[in-house]
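The values are calculated or read from the model by the stated rules, or taken from the named source; none is laboratory data. Note that this is a predicted model, so its numbers are computed, not measured. All Cβ positions, even for glycine, are placed from backbone atoms using ideal geometry, and neighbour counts span all protein chains on display. Each accessible area value is taken on the protein alone, full model and side chains, heavy atoms only, with ligands, DNA and RNA left out. Shrake-Rupley method; radii C 1.70, N 1.55, O 1.52, S 1.80 Å.
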Amino acid sequence: MWAPGDRVADLCVTGGNARFVVRPAECLTAVPAELDASKATTLVLSWMTAYQVLHRAGGVQALQKVLVTGANGAVGLALVQLARLAGAEVYASASE
């Protein structure tokens, strides 16, 4: 699945500030070469937060209506896209 030197990301619950972390391979996701580390970190955090809200806390299902406030932010944008992928009807608000 992964080879030494592959760029991967993970959302660690504990130990995220360590220099080295041992994680199961299935917990990792690939990071494209053109994406720098700070952007990869931001994407993982934002999208995992959105996923947790929709699927673990909210239990979103197809055809449900979802309101996303702050849809112009990183988590809000991810919420909109993930809710649409789940088949929900999405309504969103954002400031200028």
Give the residue that is most open to solvent (accessible area, probe 1.4 Å), with candidates limited to residues of the range 22-66 that are over 18 Å from Ala88 (Cα atoms) and either in contact (Cβ under 8 Å) with a residue 60 or more places away in the chain or charged (D, E, K, R) (or both).
Glu34
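Quick check, is Trp2 loosely packed, with under 14 Cβ neighbours inside 10 Å and either within 30 Å of Glu89 (Cβ to Cβ) or among the aromatic types (Phe, Trp, Tyr) (or both)?
yes
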When every residue in the range 76-96 that is in a helix (DSSP H, G or I) and surrounded by fewer than 17 Cβ atoms within 10 Å (Cβ to Cβ) is compared, the one nearest to the chain's Cα centre (by Cα) is Gln81
What number goes with the only condition from (1) under 20 Å from Trp2 (Cβ atoms); (2) of a type in the set (A, V, I, L, M, F, W, C); (3) more than 13 Å from the chain's Cα centre (by Cα); (4) outside any loop (DSSP other than H, G, I, E, B) that Val66 does not pass?
(1)
